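What follows is a set of notes on a single structure, which appears directly below.
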Amino acid sequence: MSTNNPRIILHVDMDYFFAQCEEREHPEIKGKPVVICVYSGRGGDSGAVSTSNYEARKFGIKAGIPISRAKKLKPDAIFLPVNMELYRSISDEVMEIVRGHCATLEQESVDEAFCDITGRVSDFDEAKSVALRIKEEIRQKVGLTCSVGAAPNKLIAKIASDFQKPDGLTVVKPGEILQFMAPLKITDLTGVGKKTGERLNELGVKTIGELSKLSADELVHEFGQAKGVWLKQASQGIDDSPVVEREGTEQIGRITTLKEDTRDLNLIYEVINKLSDEVYMKLEARKLSFKSVTFVAISNDFKTRTKTHTLGAPAKDQETIKATARELATAFIAEYPLSLRRVGVRVANLVEDKGQRTLGEF
Ligand code: DGT
Ligand code: CA
Ligand code: CA
């Protein structure tokens with residue numbers, strides 16, 4: 001990678017994601033400590049905290065601690081079970097917005113993505129404007145805050161997005177890398193886990209700056225060839241790993257709020273047709289086929305449920321999306337005696353549309 005032409009990478013990470021999704025679904029809990037719990041299924045409060053909002057974090061409630069301990073720390077906090085379907089559908093909304101601003105998007109998890117905007121912008125000032133536009137669009141259309149890092153590579157972009165949370169934006173230009181990294185803890189380097197961190201602490205190394213002073217030989221001796229070399233490079237902010245789309249993990253979805261709560265299938269079909277058209281346009285633009293269709297239903301009790309149909313072979317036409325989603329909706333209404341508040345249509349298991357290859361590809 002030439003230093004004259006640095007890459008420009010953004011890393012977008014949603015703030016306290018699961019808890020923030022719940023705040024959006026239940027505005028009345030906003031401002032209170034909110035704790036998202038993974039119940040182990042062994043009854044009572046056995047299980048662990050998945051995440052918590054910043055109000056709950058003030059009381060020491062954070063990811064990984066037992067639910068029982070969280071309840072002792074703040075008995076009157078709002079405790080909610082994980083509702084993965086809700087977070088996935090909100091994640092889809094977010095990822096689509098981010099995708100609209102970048103050439104290549106690599107979704108890393110449900111709440112974060114890298115995007116390569118090299119070529120779309122000419123410098124880091126423009127990159128900052130793009131980051132601000134992404135944040136604003138997510139705020140307006142999805143109603144959530146996120147934190148963004150902009151940097152010449154993925155390693156630093158990810159550290160940068162975490163640097164000023166929540167609702168943060170941190171830009172690290174090529175010339176600022178060493179200064180930015182030096183005071184940070186070694187565990188801020190993605191890839192330095194507990195074990196490596198402890199061993200480095202034993203060697204008297206606490207910050208990334210201190211790590212960068214160790215020689216490659218010392219590090220290889222301590223951690224082996226691959227890890228040693230990686231540590232040496234990472235401590236200097238060097239990372240050439242590309243932003244790559246992960247085929248198969250991606251979904252394209254659209255979701256909307258109905259004019260009024262309803263279980264009238266004719267009204268629901270109408271909305272499905274409209275959403276399916278929008279999904280189809282996205283697929284068409286990117287020349288993708290899909291292998292599954294999902295109907296997303298959020299009922300007036302705020303629960304999100306889905307029904308999915310997997311096709312025998314990839315399809316790419318509008319009518320398959322509509323017809324499948326309508327069938328799923330019909331089955332859903334028959335199964336659940338509920339009125340719906342929001343509905344969505346989603347396609348997944350996306351594959352490149354081989355039928356539309358251009359001559360240049362042969
Ligand atoms: P942040 O980014 O510090 O504002 O807070 P989160 O909650 O967005 O944290 P992040 O980005 O590490 O994780 C994204 C989501 O993944 C989070 O909302 C819940 C889930 N998650 C994170 N850590 C754990 C965990 O240890 N267990 C489980 N089950 N879920 C987790
Ligand atoms: Ca997050
Ligand atoms: Ca994350």
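The values are calculated or read from the model by the stated rules, or taken from the named source; none is laboratory data. Keep in mind it's a predicted model, so treat the numbers as computed, not measured. Here the Cβ positions follow ideal geometry from the backbone for every residue, glycine too, while neighbour counts run over all protein chains shown. What goes into the accessible areas is simple: the full protein's heavy atoms, side chains included, and nothing from ligands, DNA or RNA. Shrake-Rupley method; radii C 1.70, N 1.55, O 1.52, S 1.80 Å.
Observations on the structure shown:
- On inspection, residue 192 qualifies as more than 14 Å from ligand 2 (Cβ to nearest atom), at pLDDT below 95 and touching a helix residue (DSSP H, G or I) at 6+ places or on another chain (Cβ under 7 Å).
- Counting only residues that are open to solvent by 10 Å² or more (accessible area, probe 1.4 Å) and either of a type in the set (Val, Ile, Thr) or within 16 Å of ligand 3 (Cβ to nearest atom) (or both), region 32-58 holds 5 of them.
- The residue list 276, 299, 292 contains one member that is crowded, with 21+ Cβ neighbours inside 10 Å and among the small types (Gly, Ala, Ser), which is 276.
- Of the residues making up region 243-288, those that are in a strand (DSSP E or B) and either more than 23 Å from the chain's Cα centre (by Cα) or at pLDDT 95 or above (or both) are 258, 259, 260, 261, 262.
Okay, residues lined up against (1) among the acidic types (Asp, Glu); (2) over 23 Å from residue 214 (Cβ atoms):
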| site | (1), (2) |
| --- | --- |
| 141 | no, yes |
| 147 | no, yes |
| 157 | no, yes |
| 161 | no, yes |
| 164 | no, yes |
| 168 | no, yes |
| 173 | no, yes |
| 176 | yes, no |
| 180 | no, no |
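- Of the residues examined, residue 69 is one that is without any contact (Cβ under 8 Å) to a residue 12 or more places away in the chain, among the charged types (D, E, K, R) and assigned to a helix (DSSP H, G or I).
- Any hit, region 101-108, residues being more than 16 Å from ligand 1 (Cβ to nearest atom) and at positive phi: no
- Inside region 150-178, residues that are in contact (Cβ under 8 Å) with a residue 40 or more places away in the chain and either touching a Ser or Thr at 6+ places or on another chain (Cβ under 6 Å) or in a helix (DSSP H, G or I) (or both) make up a count of 13.
- Yes/no for residue 108 being over 16 Å from residue 245 (Cα atoms), modelled with pLDDT under 95, open to solvent by 30 Å² or more (accessible area, probe 1.4 Å) and in contact with a strand residue (DSSP E or B) (Cβ under 7 Å, 6 or more places away or on another chain): no
- Residues located in region 215-238, provided they are assigned to a loop (DSSP other than H, G, I, E, B) and out of contact with any Phe, Trp or Tyr (no Cβ under 9 Å at 6 or more places or on another chain): 215, 224, 236, 238
- Residue list for region 14-26, filter: out of contact with any Gly (no Cβ under 8 Å at 6 or more places or on another chain) and either farther than 21 Å from residue 302 by Cα or open to solvent by 50 Å² or more (accessible area, probe 1.4 Å) (or both): 14, 15
- Qualifying residue in region 307-320 (condition: part of a strand (DSSP E or B) and of a type in the set (Ser, Thr, Tyr)): yes
- Positions within region 126-151 being surrounded by 23 or more Cβ atoms within 10 Å (Cβ to Cβ) and touching a Pro at 6+ places or on another chain (Cβ under 7 Å), in sequence order: 147
- One residue alone among 56, 63 is farther than 30 Å from residue 307 by Cα and within 24 Å of the chain's Cα centre (by Cα), and that residue is 56.
- Test for residue 294: is it in contact (Cβ under 8 Å) with a residue 60 or more places away in the chain and in contact with a Ser or Thr (Cβ under 7 Å, 6 or more places away or on another chain): no
- Options 9, 29, 65, 61: the member that is surrounded by fewer than 16 Cβ atoms within 10 Å (Cβ to Cβ), of a type in the set (A, V, I, L, M) and more than 8 Å from ligand 1 (Cβ to nearest atom): 65
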